[in-house]
Amino acid sequence: MVVSIAGGVKPGKLLEIEAKLYRLLIVGKQKSGAMLDGLDEEIEAHANKLAVERDAVLDRLEKQLQSRQIFEAVSSQLSEAVRRSIDFRLAEPADVLRHTKISEQQIMLLELLQSSAPDMNQLYLYVNDLSWLVHDLTNLVNSPSFRAKRPNRSDVKVSDLKLVLSFIGIENLQTLIPYFCVRRWLPSGHPNLLWTTRKLWRYNIVTAIASQTLATAQGKDAAFAYICALQYQLGTSAILNNSAEIFEQIWGSWLREAENSKEREVYDAVLATEFPANQVYEKVMEYELELNWQLLDLLGFGESRITEVLRELSYTMRYADLSEDAALIARGNAFAKILFLEEQRKLYPQERELIIDYYQFTPDEIELLRGQNYRKLDLV
């Protein structure tokens, strides 16, 4: 007889599954396909070139005892310098926030979009202040696939923001704007995190669409569920962004010093030193849930419904004790864990059943969630 653990204190085995997932996201070497819009494709060649150079240096060092000893000493010192800097940064959430692309304007926009009837005039004012968002939305409206859906299928390019917003429509904007905002918060331009970013984005999107699907099925606020769920990896994105920035600053500085001093062995040792993914993984496990709501609180949204849900998810030990809003996001995230781990072929059947039991999924809900398209946004 199997004893159900539905809704109680999260069992250790479930914590192990979550740790396995984050290790795959951050430490795992698996490559991932391009994101839905090809984000970071331009640095893929750089990432691959850097990997080849590091492998070549490591192969050479393996054959030279003295050089290998220098590598181990230099790499250890470099990694320790990076670790101390990351610890120092993460100790101050305000410092973490300063080194992200999250802004008060973006959060105000997301707050507006989760309301039942967003005001288009207010929406225009907020979007107009974010030039990158204007660019993304305008490019979308002028894309061949979208032009085919416009009235009269006009080939004339649209540049007026009010027309752009009107063509997209409020329901689609509730999907697209949070998508573009959260995508912007992900680590970008960092060759050391190219594959991690793509995997994290996949996990993020599945969480959001699964949460939205469950909300719709239960007659709850689907826009809120989608927007809130997208922010469930806010802390992880911030930690990765800060860690990558710190690593690349220190690594680049050491590399230049070694090059200027013409110390070839030291230069090779620095070049071959990889991003400290294991250390960063540990920091994500320690800080991510608290940072989810702390960053929003620092921006002045401490009383927001989304912030309250993210705060609740960081402190509540038992699924059964969660509010309806928080439980919905927790279940969407739980299904994302199942799907992501299955895609990586890292989930045993008993682990899948444990997640389903704990979060009290019904067979109909699992069937509904498996029937969704997690590769393409569902636009009206």
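The values are calculated or read from the model by the stated rules, or taken from the named source; none is laboratory data. Computed from a predicted model, the values in this text were never measured in an experiment. Ideal geometry is used to build each Cβ from the backbone, glycine not excepted, and the neighbour counts take in all protein chains shown. Ligands, DNA and RNA are excluded from the accessible area calculation, which covers all protein heavy atoms including side chains. Shrake-Rupley method; radii C 1.70, N 1.55, O 1.52, S 1.80 Å.
What are the extents of the Cα atoms of region 198-240 along their three principal axes, in Å, largest first?
Its Cα atoms span 35, 15, 9 Å along the three principal axes.
Can you work out D for the chain in µm² s⁻¹ from Stokes-Einstein, where Rh is the Kirkwood radius over C-alpha pairs, the temperature is 20 °C and the viscosity is 1.002 mPa s?
Numbers: Rh = 22.5 Å.
Stokes-Einstein gives a translational diffusion coefficient of 95 µm²/s.
Taking amide H positions as placed 1.01 Å from N in the peptide plane, with prolines and chain starts having none, which residues 5 or more places from residue 10, or on another chain, fall under 5 Å of its amide H?
319
To the nearest 10 square angstrom, what accessible area does residue 266 show with a 1.4 Å probe?
40 Å²
Given the options 176, 125, 194, which has the most mean-square fluctuation in a GNM of the chain, springs set between C-alpha atoms less than 10 angstrom apart?
Residue with maximal mean-square fluctuation among 176, 125, 194: 125.
Among 165, 25, 230, determine the one that fluctuates most according to a GNM of the chain built with springs between C-alpha atoms less than 10 Å apart.
Of the options given, 165 has the highest mean-square fluctuation.
Can you sort 23, 184, 98 by solvent-accessible area, 1.4 Å probe, largest first?
Numbers: 23 100, 184 80, 98 160 Å².
Ranking 23, 184, 98 by accessible area, largest first, yields 98, 23, 184.
How big is Rg to Rh over region 74-211, alpha-carbon atoms, Rh as the Kirkwood inverse-mean-distance radius?
Working: Rg = 18.9 Å, Rh = 17.6 Å.
Across region 74-211, the Cα-based Rg/Rh ratio is 1.08.
Can you give the translational diffusion coefficient of region 225-331 in µm²/s, computed by Stokes-Einstein from the Kirkwood radius over Cα pairs at 37 °C and 0.692 mPa s?
Working: Rh = 16.1 Å.
Approximately 203 µm²/s, per Stokes-Einstein.
Report the Cα centroid-to-centroid distance between region 242-264 and region 89-107 in angstrom, as an integer.
With region 242-264 and region 89-107 each reduced to a Cα centre, they are spaced 25 Å.
Pop out the ³J(HN,Hα) list for region 277-283 in order, Karplus 6.51 cos²θ - 1.76 cosθ + 1.60 with θ = phi - 60°, rounded to Hz; leave Gly and Pro as x.
3J(HN,Hα) across region 277-283, in whole Hz: 4, 5, 5, 5, 4, 4, 5.
Modelled label-to-label distance, residue 139 and residue 350, 7 Å Cα→beta-carbon offset: nm?
4.8 nm
Short version: ³J(HN,Hα) in whole Hz for each residue of region 242-254, in order, from phi by Karplus 6.51 cos²θ - 1.76 cosθ + 1.60 (θ = phi - 60°), x for Gly and Pro, what are they?
Calculated HN-Hα couplings, in order: 5, 5, 5, 4, 5, 4, 5, 5, 5, 4, x, 5, 5 Hz.
Mean residue ellipticity at 222 nm from the helices of the chain, using -39,500 (n - 2.57) per DSSP H segment of n ≥ 4 over the full residue count, to the nearest 500 deg cm²/dmol? Could the numbers behind the result be given before it?
Working: 19 runs with 264 residues, N = 380.
Taking each H run of at least 4 residues, the total per residue is -22500 deg cm²/dmol.
Using square roots of five times the C-alpha gyration tensor eigenvalues, list the equivalent-ellipsoid semi-axes of region 222-273 in whole Å, biggest first.
Values: eigenvalues 331, 13, 6 Å².
Largest first, region 222-273 gives 41, 8, 6 Å.
Could you work out the relative contact order of the chain, using alpha carbon pairs under 8 angstrom and six or more residues apart, expressed as a whole percent?
Details: 407 pairs, mean separation 112.5, N = 380.
Dividing the mean separation by the residue count of the chain yields 30 percent.
With label points built 7 Å along Cα→Cβ from the Cα atoms of residue 376 and residue 91, find their separation and express it in nm.
Inter-label distance under the simple model: 5.1 nm.
How compact and how long is region 284-380, expressed as Rg and Dmax of its alpha-carbon atoms in Å?
15.3, 43
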